[in-house]
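S.K.: Take this structure, written in structure tokens, and hold onto it; I'll ask about it next.
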Amino acid sequence: MDYPYLDTVIYDNFYEMLKGRYETKAKTTAIRFMDREQITDISYEDMIKETSLIGLYLKTQGIEGKHIGIFSENRYEYITIYMATVMKNVIVPLDKEITSKNLSECVKNFDVDYLLVTDETKQKTESAEFSKPDNLKILNIDDEDFKKVFKDKSADKEKCIEEFFEYVKDTDKDRFAVLASTSGTDGAMKGVMLSQYNVITNIRGTLENNVLKNPTFAFLPMNHTYGFNPCILATIYNGTTLCLNLKTKYLLRDLRTFNPFFFGAVPMVIEGMYDSIIREVKKQNKENTFNRAIKICKFFRKFGIDLRHIFFGKLICKNLRLVVNGGAALNADYVNKFDEIGITILNGYGLTECSPTIAVSRTGNNVVGSAGTIMKNIDVKIAEDGEILVKGPCVMLGYYKNEEATKAIMRDGYLATGDIGYTDGKVIFVTGRKKNLIILENGKNVPPELLESKINSIPYVKESIVVSKKVNDRSNILYAIIVLHDEEKQEFLKDDIANINKDLPSYMQITDFEVSKDELKKNSSKKIIRSVYANKNE
Amino acid sequence: MYEKIVEILKDKYGIENVTPESNFKKDLGLNSFDLMELAFVAEEILGVEMKEDAYRKAETIKDICDYLETLGARNEN
């Protein structure tokens, strides 16, 4: 059976998208969020007005062609700042979890001219470990002076939007506009240069694979291309309402309040949500009722009668029908478990270098176990060694100031993903990775070599390997196996590992370790055989 | 404070036999999603607002109790 791609409106840059939404959706709610029990709705025209005010502020300050870093928690202003910047400057989304030291490196390596911080993140720029380049200007979004820029109620809406549109209408869609950070396909931190066209065609691709009904919900970190592009920007492109979760601890509360149709997630959240449901069912001694309801629904579905939302609608929220999993592979059991309670889990596949989506499953053709249907205009082929190669408008312009890495990842016009897999031309299957990256259940990538080099720099350590260790059915920790030169020093190891952890973001910290009396197993070229230790289970 | 957290762990996750030094990830098998849920429940019960960076950094039950005490969480039964 053939499943044609869906038709969507065509915008090729952010100016066209914002203009289109202003002309057709001005009064529609664009953004909804809850802060301290208070729900705020912002219409498309108000969001575009605030975007315009920021864009015009940058213009009057003579800020054009500059690199503007955003170091912020998830918030509404992240979106307006991003959209105001991307047409005339370069937006540099930075992970708010990185340490002050790493932040200094990013700011320096990515040539950030202006760094936007918030009350919550500014501490990291005030720390002694943050070395501020002389030319860097730091602005706090929460400062009253800055707030005045985009919250200027006296500004004439129509006039400032028109003025902004006039300013950005000649924007070059192919110019380098976004500098996204990635640990890349080989684990080393790099800047990925994306154009507006890369991003816009990619979000359009997600809408050509699936219908996003109103409203959608976003909670993933906004600095991630997966959190921002297919979840947030796709909703704006679509002209529907995006509900924002501002603090992940309120995730379940916000889902119940906003009652969305769709959200994008990572395996940890999908699995955690289901386990949380089951715990609650068990706590209320309703396990038998729950299982009976599943059987009844299965029976009626055979006759085309779907009762799942009547039985299970209250478990998370009534309207939720679609969740896209990305970032890491999801245990296929959960696809079936969620299907039983009326929620379709679709897999998405991509990488930052591809803006990020390459494939996403389709509701009409959800091949369980696959990584999804390859999006329109994306050409995927498999190399002789099984590596997935990608070509298309989503492929990045290159790595920032790193021609060597750019050359290394390109093969005859195709981007080599570092993943191993196969395809039938429409659907893609990912079976493994070519390199040693550890992909955590929250979608974060950890290059084990980076941690190992830190451990190996402890003077009494001979060698080490870092692996992902399963603690239970759905939790993994980073675990080091360490061989010592001098076993008498073992008593210091715990403190030395703690010292290493201090400089690492929390997701990258080594939770536990063991000391091995035997040398690590190596191949004939003296390289540690990772497969012997990989996915170490208890 | 410790008793409150132990009670939440038992009620929410059925986890018993813990010590102040029990490590959330290593000993109790909780992942970041569970910690996020735990923070939400603890906030509701104890009447405080925890900073995301702070509760995510907590490795052991003692760490989270110490942090909650700095916030002046309600400790009455």
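FYI, it's all coordinate maths here, none of it is from the lab. All figures in this text were calculated on a predicted structure; none of them were measured in a lab. Here the Cβ is made from the backbone with ideal geometry for all residues, glycine too, and neighbour counts use every protein chain on show.
S.K.: Taking 19 Å as the cut-off for C-alpha to C-alpha distance, list the pairs among A:LYS190/A:LYS470; A:LYS298/A:LYS337; A:LYS247/A:LYS337; A:LYS137/B:LYS51 that go past it.
M.R.: A:LYS190/A:LYS470; A:LYS247/A:LYS337; A:LYS137/B:LYS51
S.K.: While we're looking at this one, here's another question. Per-residue Cβ counts within 10 Å, from other chains only, averaged over A:437-445: what number is that?
M.R.: Mean partner shielding for this stretch: 1.
S.K.: Full extension from A:ASN472 to A:LYS147: what is 0.36 nm times the residue separation minus their Cα-Cα distance, to one decimal in nm?
M.R.: Between A:ASN472 and A:LYS147, full extension yields 112.4 nm more.
S.K.: If R₀ is 45 angstrom, what is the calculated FRET efficiency for the pair A:SER131 and A:GLN38, using the beta carbon separation as r and rounding to 0.05?
M.R.: Given R0 = 45 Å and the Cβ-Cβ separation, E is 0.70.
S.K.: Multiplying the sequence separation of A:ASN365 and A:ASP12 by 0.36 nm and subtracting their Cα-Cα distance, what value in nm do you get?
M.R.: Answer, rounded to one decimal: 124.3 nm.
S.K.: If the cut-off is 12 Å between C-alpha atoms, which aspartates and glutamates fall inside it for A:LYS157, apart from same-chain ones fewer than 8 positions away?
M.R.: Excluding near neighbours in sequence, the set is A:GLU45, A:ASP46, A:GLU50.
S.K.: Another question about this same structure. In terms of the Cα gyration tensor, with a ≥ b ≥ c the square roots of its eigenvalues, is the stretch A:1-137 rounded because a/c is under 1.5, prolate because a/b exceeds b/c, or oblate?
M.R.: Prolate.
S.K.: OK, next. Evaluate the Debye formula for the stretch A:264-433 with equal point scatterers sitting on the alpha carbons, no solvent, and hand back log10 of I(q)/I(0) at q = 0.12, 0.21 Å⁻¹, in q order, two decimals.
M.R.: With one equal scatterer per Cα and no solvent, log10 I(q)/I(0) is -0.64, -1.33.
S.K.: Tally Lys and Arg at +1 and Asp and Glu at -1 over the other residues with C-beta under 11 Å from the C-beta of A:LYS286: what net charge comes out?
M.R.: Neighbour charge sum, excluding A:LYS286 itself: +1.
S.K.: Take every residue in peptide B:52-60, count the Cβ atoms of other chains within 10 Å of its Cβ, and give the average of those counts.
M.R.: 3
S.K.: Right, here's the next one. Each residue of the stretch B:25-32 in order: what ³J(HN,Hα) in whole Hz does its phi give by Karplus 6.51 cos²θ - 1.76 cosθ + 1.60, θ = phi - 60°, with x for Gly and Pro?
M.R.: Karplus values, whole Hz, x for Gly and Pro: 7, 6, 8, 9, x, 8, 9, 4.
S.K.: Could you please state, rounded to a whole Å, how far the C-alpha centre of the stretch A:392-446 is from the C-alpha centre of the stretch A:459-503?
M.R.: So the two Cα centres are separated by 29 Å.
S.K.: Among the aspartates and glutamates, which have Cα under 14 Å from the Cα of A:LYS434 when same-chain residues fewer than 8 positions away are ignored?
M.R.: Once the sequence-local aspartates and glutamates are set aside, what remains near A:LYS434 is A:ASP186, A:GLU384, A:ASP385, A:GLU387, A:ASP419.
S.K.: Here's another thing I want to ask about it. Rank by packing, highest mean first: peptides A:81-93, A:285-297, with packing defined as the count of other Cβ atoms within 10 Å averaged across residues.
M.R.: Going from most to least packed, we get A:81-93, A:285-297.
S.K.: What does the structure give for B:32-45 when I average, per residue, the other chain Cβ atoms found within 10 Å of the residue Cβ?
M.R.: Mean number of neighbouring Cβ atoms from other chains: 5.
S.K.: If you stretched the chain out fully between A:LYS527 and A:HIS485, how much longer would it get, using 0.36 nm times the residue separation minus the C-alpha to C-alpha distance?
M.R.: Answer, rounded to one decimal: 13.3 nm.
S.K.: May I pose another question? Regarding the stretch B:2-70, what is the average projected area of its C-alpha convex hull, in nm²?
M.R.: Averaged projected hull area, Cα only: 3.9 nm².
S.K.: Let me ask you something else. Strictly over 19 Å apart at the Cα level, which of A:LYS66/A:LYS96; A:LYS96/A:LYS122; A:LYS19/A:LYS88 would you flag in this model?
M.R.: A:LYS66/A:LYS96
S.K.: Also, I was wondering about something else. Out of residues 5 or more away from A:ILE358 or on other chains, whose amide H comes under 5 Å of its own, with H placed 1.01 Å from N in the peptide plane?
M.R.: Distant-sequence amide H within range of A:ILE358: A:TYR349, A:GLY350, A:LEU351.
S.K.: So if we plug the beta-carbon distance of B:ALA54 and A:ASP512 into 1/(1 + (r/R0)^6) with R0 = 30 Å, what FRET efficiency do we get, rounded to 0.05?
M.R.: In this case the efficiency is close to 0.85.
S.K.: Which chymotrypsin sites (Phe, Trp or Tyr not before Pro) in the stretch A:413-498 sit in a loop by DSSP (not H, G, I, E or B) and have at most 15 other Cβ atoms within 10 Å of their own Cβ?
M.R.: Listed in order of number, the matching sites are A:TYR460.
S.K.: Please report, in whole Å, how far the alpha carbons of the stretch A:447-537 spread along each principal axis, starting with the longest.
M.R.: Rounded to whole Å, the extents work out to 34, 31, 20 Å.
S.K.: R0 = 25 Å: FRET efficiency of A:MET189 with A:GLU403, Cβ-based, nearest 0.05?
M.R.: Here the calculated transfer efficiency is 0.90.
S.K.: Continuing with this model, one more query. Let me know the whole percent of all Cα-Cα pairs from the protein assembly as shown that are separated by more than 46 Å.
M.R.: Pairs farther apart than 46 Å: 15 percent.
S.K.: For chain A, what does -39500 (n - 2.57) per DSSP helix run (n ≥ 4), summed and divided by total residues, give at 222 nm, in deg cm²/dmol to the nearest 500?
M.R.: Calculated at 222 nm, the ellipticity per residue is -9500 deg cm²/dmol.
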